[in-house]
Amino acid sequence: MAHTGESSMNQNPDALLVLPWLRVQNANCISSPLTWGFPAMSAILGFVHSLERKLKPRYTDLGFSGVAVICHRFEPQIYSPDRGDKVFRLTRNPLNEKGESPSFAEEGRAHITISLLIQVKSENYSNNLNLSQKEEMAEEILKTAQGLRLAGGSILSPFTKKSKVRLSDWDVIGDALKAELRRLLPGFLLTSREDLLSERTTELQTLDPEATSLDALLDFSSLNYEPISTEPDADVVEWQVRKKPGWIVPIPVGYRSISTCYGAGEVLNARDTETPFSFVECIFSLGQWISPHRLTDAGKIFWKHEADVEKGLYRCICS
């Protein structure tokens, strides 16, 4: 992983950009070494960062400081060969010179439809652009976005009138933001639940002092059956699945360095030979899918980058 030293912007945004109902074909759904499903937030934030860089030549002061993501459709490309375990539908590569199928790495793909709400920072937007120029800016952003890859997938043309991009002044706080989110129903919003992970870790450590956050993560990720009756002399014991506080899922949220920082060009075959480099491993946390109309705190939905080079932490945080 390359060290950039960049951190998320702390200033209040000037505008809210809504890219609604983006259809993404063949997005990567193997988001980490331990999980599969919806693309990782690092991929979503990477897409937004790439979009910002593409727009810089024309909008020099444009910056994207955070993004909220709503999933409308998730269609993994899987099948059940024996009506049992599911496997990915893999592409067939051309035969090699010996007429044999070449070896390949397994790729998990999914077709998804998402909406992105992006915090925009631009003094030029606030001070110099009129309404028609703002609409032109929004259309150019959408056109540029459709030419990029999102989590390795291709963005298709919109198929509904609801797909009109919107760029509005940053006054969507509180009830106004909730109203904007309700326009994107039906769908589910991804938020961070690190608080649940911390609370469960503390509970497990009261029973076992050697319990770790990984034990808490696995506990939330598994299907746990518990007895309804706890009486020791009960003749019949009924069991039920332990209820979770919402649609809770394990998610990758960034990377942590597992090596010293090497100088630019010191690591053989690194993609970037002009940036310092270190080896990393994935960081996991808990997320929750929640319908936007059930939000109690609409302010804590925007994901941002957070980098601590000294500690080797590169995370996606939700605030």
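Once you have a ≥ b ≥ c as the square roots of the Cα gyration tensor eigenvalues for the range 196-276, tell me rounded if a/c is under 1.5, and otherwise prolate or oblate according to whether a/b is larger than b/c. Taking the square roots of the gyration eigenvalues as a ≥ b ≥ c, the range 196-276 is prolate. Against the chain, whose longest principal axis comes from its Cα atoms, helix 131-145 is set at around 50 degrees.
Just to confirm the filter: which GluC sites (Glu not before Pro) across the range 106-161 are DSSP coil and have at most 11 other Cβ within 10 angstrom of their Cβ?
Filter output for the range 106-161: Glu106.
Phi angles across the range 236-241 convert, under the Karplus curve 6.51 cos²θ - 1.76 cosθ + 1.60 with θ = phi - 60°, into 3J(HN,Hα) values of 10, 10, 8, 10, 9, 6 Hz, Gly and Pro given as x. List the aspartates and glutamates whose Cα sits under 12 Å from the Cα of Lys54, skipping any in the same chain fewer than 8 residues away. Of all the aspartates and glutamates, those that pass the test against Lys54 - Cα under 12 Å, at least 8 places apart if same chain - are Glu140. Connecting C-alpha atoms closer than 10 Å in a GNM of the chain, tell me which of Pro13, Pro158, Pro250 has the biggest fluctuation. Sorting by GNM fluctuation, first place goes to Pro158. Of the residues Trp239, Trp303, Trp36, Trp170, ranked by 1.4 Å probe accessible area with the largest first, the sequence reads Trp239, Trp36, Trp170, Trp303. When the square roots of the Cα gyration tensor eigenvalues are ordered a ≥ b ≥ c, the ratio a/c for the range 74-130 is 1.5 or more and a/b does not exceed b/c, which makes its shape oblate.
Here is the list for the range 245-296: GluC sites (Glu not before Pro) lying in DSSP coil, each with at most 13 other C-beta atoms within 10 angstrom of its C-beta, are Glu266, Glu274.
The values are calculated or read from the model by the stated rules, or taken from the named source; none is laboratory data. This structure is a prediction, so every number in the text was calculated from the model and none was measured. Here the Cβ is made from the backbone with ideal geometry for all residues, glycine too, and neighbour counts use every protein chain on show. What goes into the accessible areas is simple: the full protein's heavy atoms, side chains included, and nothing from ligands, DNA or RNA. Shrake-Rupley method; radii C 1.70, N 1.55, O 1.52, S 1.80 Å.
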